[in-house]
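Notes for the one structure printed next.
The values are calculated or read from the model by the stated rules, or taken from the named source; none is laboratory data. Quantities reported herein were computed from a predicted structural model and do not represent experimental measurements. Here the Cβ is made from the backbone with ideal geometry for all residues, glycine too, and neighbour counts use every protein chain on show. To get the accessible areas, we keep the full protein, side chains included, count just its heavy atoms, and leave off ligands, DNA and RNA. Shrake-Rupley method; radii C 1.70, N 1.55, O 1.52, S 1.80 Å.
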Amino acid sequence: MELREIHLPLVHYFETSFGRTYQRKIILVTVQSGHDVGYGECTAAEEPFYNSETTETAWHILSDFLVPRVLGKDLEDAAQAAALFGTIRGNRMARGALETALWDLEARRIGLPLARHLGGVRDEIECGVSIGIQDSIEDLLVLVRREIAAGYRRIKIKIKPGWELEPLRAIRREFPSFPLMVDANSAFQLSDLSLLQKLDEFSLMMIEQPLAHDDLVDHAELQKAIQTPICLDESIHHAEDARKAVELGSCRIINVKLGRVGGHAEALKINDYCFRNGIPLWCGGMLESGVGRAHNIAMSTLPGFMLPGDVSASKRYYAEDTVKPPVTVSPQGTIRVTDSPGIGYELDWDRIRRATVRAANLAVEGAPKGTHA
Ligand code: OSB
Ligand code: MG
């Protein structure tokens, strides 16, 4: 196995209710078994604001706890990996990085595209974009116009107190019925109810994570008082959270992120539960580079993923991505799912080497070390 930390500048900073990101610090995981390799990407952010993990904590958990549980072990299949990690609490983004790499390896070994191996049912996926908080309404409108012209099928804007009604009025004036939604990243409280009720006027597809990151109860209260469907992101860490949220009425839609739920096996469980219970899913994003994006594309082909996700073209975030060719989106706002085995994208090792700040090779005694050094 190899852990590699790379630093990739974003083409433009991305602003949410918790701040701006200019540069991503990403851990790439390589797993090797015999002649087969698999790749995963850790989606932990640089700072513990979206959740409690960071690139640094993920490096620690991966190298000191997760890799030792897998290195040199005989695994029946990739779906088993999550059980090996089971006694480690939380740290799902670290777990997901390794778990998804094992799924890629398994899919390549049996010669199937990962999407097929997971049980995906689509050969193309619908794409939406997430637009960060802007300095002015005019700046926001420029971006909204650009993304709609590019073909994207849904626009999501980030909101926070003071940046909600005005931006929505401006977008709705120009695009009265384009599929539109908002993401608050937990910036509001139940005491903001009268403001949140005003969002009902904008016929939004949904409002994502309006209340606390660890809440289900207040969201249920809020959902009773507003018409716009609530979508949960931060609050859902696993399939049991999804079940509780649905039973409580905390949301009508769920955003699934591979890192936040700890990998493909848990995403599959959420898919099964929500598909059976009529709760639409979509794939969220964490400003992934190509490796993570490729895993997101595969997951988005599952039957429960019925809404356009935050899965967009590499070039929206990176001038040079970790995969070549980069991920592209058609003028119809779709990504074609590859027929190649595994994640189906080639890694750009020249690019990755230039972006590397540290790498650790971890091999069983006697095994040859290092494939990319
Ligand atoms: O809440 O969905 C979020 C980016 C960083 C952290 C949290 C979120 C986001 C996004 C961007 O909305 C989604 C993307 O990768 O395009
Ligand atoms: Mg979100």
Residues that are open to solvent by 20 Å² or more (accessible area, probe 1.4 Å) and touching a Phe, Trp or Tyr at 6+ places or on another chain (Cβ under 8 Å), drawn from the range 92-117: 95, 117
Matching residues in the range 296-330 - criterion: being in a helix (DSSP H, G or I), open to solvent by 10 Å² or more (accessible area, probe 1.4 Å) and within 11 Å of ligand 1 (Cβ to nearest atom): 316
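Among the residues of the range 33-74, which ones are among the hydrophobic types (A, V, I, L, M, F, W, C) and surrounded by fewer than 16 Cβ atoms within 10 Å (Cβ to Cβ)?
65, 71
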Criterion (part of a helix (DSSP H, G or I) and either of a type in the set (S, T, N, Q) or without any contact (Cβ under 8 Å) to a residue 60 or more places away in the chain (or both)) met by exactly one of 204, 196: 196
Hits in the range 198-251 (condition: farther than 20 Å from residue 18 by Cα and among the hydroxyl-bearing types (Ser, Thr, Tyr)): 203, 228, 250
Some residue of the range 145-160 being within 12 Å of ligand 1 (Cβ to nearest atom), open to solvent by less than 50 Å² (accessible area, probe 1.4 Å), in contact with a Lys or Arg (Cβ under 8 Å, 6 or more places away or on another chain) and under 19 Å from residue 207 (Cβ atoms): no
Test: residue in the range 227-242 that is more than 14 Å from ligand 2 (Cβ to nearest atom), surrounded by fewer than 17 Cβ atoms within 10 Å (Cβ to Cβ) and more than 21 Å from residue 276 (Cα to Cα): yes
Checklist (1) assigned to a loop (DSSP other than H, G, I, E, B); (2) buried (at least 19 other Cβ atoms within 10 Å of the Cβ) applied to residue 134, failing item: (2)
Set 261, 311, 256, 337: member being touching a residue at least 40 places away in the same chain (Cβ under 8 Å) and touching an Asp or Glu at 6+ places or on another chain (Cβ under 6 Å): 337
Selected residue [away from ligand 2 (no atom under 16 Å from the Cβ), among the hydrophobic types (A, V, I, L, M, F, W, C), within 15 Å of the chain's Cα centre (by Cα) and in a helix (DSSP H, G or I)] from 107, 82, 58, 97: 97
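Is it the case that the range 176-195 has a residue that's over 27 Å from the mean Cα position of the chain (by Cα) and within 23 Å of residue 152 (Cβ to Cβ)? Steps first, answer last, please.
Step one: list which residues in the range 176-195 are over 27 Å from the mean Cα position of the chain (by Cα), which gives 176, 191-195.
Add one more test, that the residue is within 23 Å of residue 152 (Cβ to Cβ), and what stays is 176.
Yes: the range 176-195 contains one or more residues that are over 27 Å from the mean Cα position of the chain (by Cα) and within 23 Å of residue 152 (Cβ to Cβ).
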Hits in the range 183-240 - residues which are of a type in the set (Asp, Glu) and within 16 Å of ligand 1 (Cβ to nearest atom): 183, 208, 214, 215, 233, 234
